[in-house]
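Q: Pasting in a structure now, in structure tokens, and then I'll have a few things to ask.
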Amino acid sequence: MIKKYLNKLGPFFALFLVYIFFVILNSKITSFAALETMVQQSVIVGIAAIGMTLVIISGGIDLSAGSIIAFASVVVAALMQFLGWPPYLAAIGGILSGALWGMMNGLLISRFKLVPFIVTLGSLLVVRGFAKGIAKSMPINVEPSWMSDLLASLPVGQKWMLFPPGAWIMIVLAILIAGMLKYMRIGRHIVAIGSNEETARLCGIAVEKVKVIVYSLAGAFAGLAGLMMMSYQEQGDPTGAVGLELDVIAAVVIGGGSLSGGEGSVLGSLIGAMIMTVIRTGSQLNGWPTWVTQVVTGIVIVIAVAVDRYRHMKTVQAG
Amino acid sequence: MAEVSSGNSKSVTPRFSMSGICKTFGATTALDNVGFEVFPGEVHALVGENGAGKSTLMKILSGAIKADKGEMFIDGLSFKPSNPLDARRYGIGMIYQELSLVLHLTVEENIFLGVEPLKFGLLNRDEIHKRSKKAINIFNHPEIMPNTRVADLSIGARQLVEIGRALAAGVKILIFDEPTSSLSQHDAERLFELIGRLKKQNIAIVYISHFLEEINRISDRITILRDGKSVSTNKVSDVNEDDIIKMMIGRDVEDIYVRSTRKRGELLLKTENIKGELNPESASIELYRGEILGIFGLVGAGRTEFLRILFGLDEIKSGTIRIKSYSGYGLPVARWKQGIGYVSENRKEEGLALDMNIADNITLSKYENFGHFGMILKKNQYSAVEDMIKYFDIRCSGPGQSIKDLSGGNQQKAALSRLLYHDVDILLLDEPTRGIDVGSKTKIYHILDNLVSGNNPKGIILISSYLPELLGICDRIAVMSQGKLSDSMEVSNTDEHKIMQLAIG
């Protein structure tokens, strides 16, 4: 029993180790400003990672996440600037646009029995192309509104909130999705499909429908992440978030997700996102060049996964 | 419904019956006017060679495919399942050969997968817990708790969970498809005992198996399928094993095991006191050209490890190996070159590359001479393989067919033909006939006999847990018991009793 909880705490422990490492190097990382920056920077990857967790648990992968993030940021900005929509409607439009792309991924994967890697590799290019087309390859700047505050530093009077609203949105959604995975039928079905698709089908689970839902949700979360990015940069950037899908996938995998499906946790993925932010922020505070940051991040990803597999070999002898 | 024993079961409505079932796939007739019924509390065995139509019949019964013609009834009411879930609702429960559980979920989650009870849109965990606990109570198995992850269970326990799933769904007809093929002796016993208890609950049981001893022991009646037709239905007590085999393959039993005149040639392989990591502790053998040396032993006695050491798959601790003019330990690459081939007992995971086609599987160890510059020209590869397919009588559409689509028996023939294609002198065979149909077995026995007789005889080491087979085709038999290999005995000087004593002692 204790062992089981220790296993669940694994990613926490890793985050702690990485953090302590940077605290020893440079105590500036414990300052409130540094903590705030880290939370802000984790939110975009973190929100997208919630959706990616579902995809990876179901045994799939979504390479189009980065492109959808950029597309959604462009859509939100364009709706506000070109069509004059109020921010909240534009926000909903952005999230829906992401969900639609996700749904397209899901339909292609389930209806035509295509491999998720290939389908989303294709949509990575298609979605990015459309984002550039809509924005004419230029960032779309937006007027400041309440939306700009989603990830902004909290004004002095609101420090009691601890984190900016965007972070709270992420936390609430993470709790909801974690609950869905554990306590709702669809959640268990997602795990079943990732673990053994044939069995799932045999038990009467509508495998195709569940997959479409999973990819649509992943698209919606990427859309929301795009909204956050738009809010943070105050512009919709069609060339932003290039390669961000890899950060997102890394976050899920560091957090215990298995690319062969059946395993992964929302909480773990968020911690995975935090670990990568800590490394990035810590390196910056120490004045390390970018290349060092990249090398360190890469090494941490591989170590995290290796440790996770090792633990698995000991606890689970899946036949 | 009153308690009915199989003896007077004719007086009640069958729990399940089918009649006039026909099914064709393209030009091949899989089922031709098949009929059979099972009564409440009866175990009805269904046997037949692979390809006789058993699996098609089961697929129709479980709603996976539809029959072209014919009718099915449950408790006298027409039964036309539109899909597997539908069949499950009617009370059909399938226990598959390849267990169909989701390893990442817990026992209770597996039991209710697809039919989860809800409360306010959320899973009703209390109900799931309560009902699955009730369903698994009957097993009385210490390992199985509702909250255990299935991945943490042994194979035997997993199968019980699968049965639990059927019971929780209120199953009326339980179908077992080769349930013991992956079970230990102990788990198999447990299963037989459970089947006895399920009978008492008036569940109708259809039992498919290749193991006639099992069928004799637990079933009431037996229906034999051959070439898509139901050949006969008898009370088990009215027929003996020989009759059954005769009806299954349509020829006499004496023809199964063959032993032509064999002439012992030079020494091919000699080992002295081989000791492995854990097993074996000590194994010494001599293998000559023109003979089959059988190794008998219980599972876990160290037989497989011994062969794996010879073939360089497991590490050797001490002892000497001499193979023809080579001596010493060698890795598989070297062993192939020295003319040794190995067929693993684990056909699906080790023996074959399931995603590749027949031609690739047969030529995998020797991708040579199919074209210049190491190219593999399909034309050359296929024509080389076609001889093998003919020789082994592998039932397939051609060398390009995926090995996955073949029946177990035909897969095994392909695994064996790799050694023949490579033209090895020494064949190391680990349970080459396990879980395959009688027809394929007979074919394999004939081919093995051919290999050790004739002009250029080979030497074969054959591991088996099935004594009649070893006594039927081997020249000498050695027994592995707790890691120690006995001296070999001439088959003519020994019998089942002596061998069994050595194995257990």
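Any read-out appearing in this document is the output of simple, stated calculations on the displayed coordinates, not a laboratory observation. In this text the structure is predicted, and so the values were computed from the model without any measurement. Every residue, glycine as well, gets a Cβ built from its backbone with ideal geometry; the counts of neighbours run over all protein chains shown.
Q: Please compute, for peptide B:104-116, the average count of beta-carbon atoms on other protein chains lying within 10 Å of each residue's beta-carbon. Numbers along the way, then the final one.
A: On the way: counts 14, 7, 1, 0, 0, 3, 5, 0, 3, 12, 12, 4, 4.
Mean number of neighbouring Cβ atoms from other chains: 5.
Q: Check B:ASP314: other-chain or 5+ apart residues with amide H under 5 Å from its amide H, H built from backbone geometry?
A: Placed amide hydrogens put B:ILE309 under 5 Å from B:ASP314.
Q: Most fluctuating residue of A:ILE50, A:ILE177, A:ILE20 in a GNM of chain A with Cα springs under 10 Å: which is it?
A: A:ILE20
Q: Could you run the Karplus curve 6.51 cos²θ - 1.76 cosθ + 1.60 with θ = phi - 60° over region B:428-443 and give me ³J(HN,Hα) per residue in whole Hz, x for Gly and Pro?
A: 9, 10, 9, 6, x, 10, 5, x, 10, 6, 4, x, 5, 4, 4, 4
Q: Averaged over A:194-206, how many beta carbons belonging to a partner chain fall within 10 Å of each residue's beta carbon?
A: Whole-number average of other-chain Cβ neighbours for A:194-206 is 6.
Q: Arrange the following residues from fewest to most other Cβ atoms within 10 Å of their Cβ: A:VAL115, A:VAL76, B:VAL107, A:VAL212.
A: Arranged by neighbour count, lowest to highest, A:VAL115, A:VAL76, B:VAL107, A:VAL212 become A:VAL115, A:VAL212, B:VAL107, A:VAL76.
Q: Continuing with the same structure: Nearest 10 degrees is fine. How inclined is helix B:378-392 to the longest principal axis of chain B, computing both from alpha carbons?
A: Rounded to the nearest ten degrees, it is 80.
Q: I'd like the distance between the alpha-carbon centres of region B:225-286 and region A:36-54, rounded to an integer number of Å.
A: 62 Å
Q: Return a whole-number percent for the relative contact order of chain A, with Cα pairs under 8 Å and 6 or more residues apart as the contact set.
A: For chain A, the relative contact order is 35 percent.
Q: Between helix B:155-168 and chain B, what is the angle of the helix's C-alpha long axis to the longest principal axis, kept within 0 to 90° and rounded to the nearest 10?
A: Taking the Cα atoms of chain B, the angle to B:155-168 is about 20 degrees.
Q: OK, next. Collect residues whose amide H, placed 1.01 Å from N in the peptide plane, falls under 5 Å from the amide H of B:GLY297; neighbours closer than 5 in sequence don't count.
A: B:SER464, B:MET480
Q: Counting other C-beta atoms within 10 Å, and keeping those with at most 15, which DSSP coil GluC sites (Glu not before Pro) do you find in region B:286-338? List each step's numbers first, then the result.
A: On the way: sites: B:GLU286, B:GLU291, B:GLU305, B:GLU315; in loops: B:GLU315.
Answer by residue number: B:GLU315.
Q: Once you've got the Cα coordinates, tell me which of B:LYS59/B:LYS235; B:LYS229/B:LYS404; B:LYS80/B:LYS235; B:LYS172/B:LYS200; B:LYS270/B:LYS366 are over 20 Å apart.
A: Numbers: B:LYS59/B:LYS235 25 Å; B:LYS229/B:LYS404 25 Å; B:LYS80/B:LYS235 28 Å; B:LYS172/B:LYS200 12 Å; B:LYS270/B:LYS366 26 Å.
From B:LYS59/B:LYS235; B:LYS229/B:LYS404; B:LYS80/B:LYS235; B:LYS172/B:LYS200; B:LYS270/B:LYS366, over 20 Å: B:LYS59/B:LYS235; B:LYS229/B:LYS404; B:LYS80/B:LYS235; B:LYS270/B:LYS366.
Q: Ignoring the sites themselves, what is the longest stretch of chain A with no trypsin sites (Lys or Arg not before Pro) in a DSSP loop and at most 16 other beta-carbon atoms within 10 Å? Each step should come with its number before you reach the end.
A: Working: sites that count: A:LYS113, A:LYS136.
Segment A:137-319 is the longest.
Q: Please give the charge dipole size of region A:155-209, origin at the Cα centre, charges +1 on K and R Cβ atoms and -1 on D and E Cβ atoms. Round to the nearest 20 debye.
A: 200 debye
Q: Rounded to the nearest 500 deg cm²/dmol, what is the calculated helix-only ellipticity per residue at 222 nm for the protein assembly as shown, with -39500 (n - 2.57) per DSSP H run of length n ≥ 4?
A: -15500 deg cm²/dmol
Q: For A:PHE16 and A:ALA33 in the same chain, what is the full-extension length gain: residue separation times 0.36 nm, less their Cα-Cα distance, in nm?
A: 4.2 nm
Q: When the Karplus curve 6.51 cos²θ - 1.76 cosθ + 1.60 is applied with θ = phi - 60°, which whole-Hz ³J(HN,Hα) does each residue of region B:255-271 get, with x for Gly and Pro?
A: 7, 5, 8, 10, 8, 7, 5, 10, 10, 6, x, 6, 6, 9, 8, 9, 10
Q: Starting from the Cα of B:LYS458, draw a straight line to each of the aspartates and glutamates and keep only those under 16 Å, dropping any in the same chain fewer than 8 residues away.
A: Partners within reach: B:GLU266, B:GLU286, B:GLU291, B:ASP423, B:ASP425, B:ASP449, B:ASP475.
Q: State the Cα centre-to-centre distance between region B:372-405 and region B:302-330 in whole Å.
A: Region B:372-405 and region B:302-330 have Cα centres spaced 31 Å from each other.
Q: Something else about it: Rounded to the nearest 5, what is the percent of antiparallel bridges among the DSSP beta bridges in the protein assembly as shown?
A: The antiparallel fraction comes to roughly 55 percent.
Q: Separate question: Could you please state, rounded to a whole Å, how far the C-alpha centre of region A:193-270 is from the C-alpha centre of region B:87-157?
A: The two parts, judged by their Cα centres, are 28 Å apart.
Q: Also: Would you report the distance distribution of C-alpha pairs in the protein assembly as shown as whole percents per 20 angstrom bin, up to the bin with the largest distance?
A: For the protein assembly as shown, the pair-distance distribution reads 13, 36, 33, 15, 2, 0.
Q: Another question about this same structure. Helix hunt in chain A: which complete DSSP H runs extend at least 18 Å axially by C-alpha with mean Kyte-Doolittle at least -0.5?
A: A:2-25, A:32-57, A:65-81, A:87-111, A:116-135, A:165-183, A:207-233, A:266-285, A:290-315
Q: Which of the listed residues, B:SER219, A:GLY226, B:LEU101, is farthest toward the dipole's positive end in the protein assembly as shown, when Lys, Arg count +1 and Asp, Glu count -1 at the beta-carbon?
A: Positive-end residue among those listed: A:GLY226.
Q: Based on DSSP, what percent of beta bridges with both residues in chain B are antiparallel, to the nearest 5?
A: Given both bridge residues lie in chain B, the antiparallel proportion sits at roughly 50 percent.
Q: How many nm separate the modelled label positions at B:LEU118 and A:ALA306, each set 7 Å beyond the Cα in the direction of the Cβ?
A: 4.6 nm
Q: List the aspartates and glutamates whose Cα sits under 13 Å from the Cα of B:LYS378, skipping any in the same chain fewer than 8 residues away.
A: B:ASP360, B:GLU368, B:GLU386
Q: Below 27 Å Cα-Cα, how many Lys pairs turn up in chain A? Only count pairs eight or more apart in sequence, or on different chains, if you could.
A: For chain A, the number of qualifying lysine pairs is 13.
Q: Sort the following peptides by mean Cβ neighbour count (other Cβ atoms within 10 Å, averaged over residues), highest first: B:380-390, A:260-270, B:216-226.
A: So the peptides B:380-390, A:260-270, B:216-226, ranked by packing, come out A:260-270, B:216-226, B:380-390.
Q: In the protein assembly as shown, with Lys and Arg counted as +1 and Asp and Glu as -1 at Cβ, which of these residues, B:ILE136, B:GLY35, B:ILE389, has the Cα nearest the positive end of the dipole, that is, farthest along it?
A: Final value for the positive-end residue is B:ILE136.
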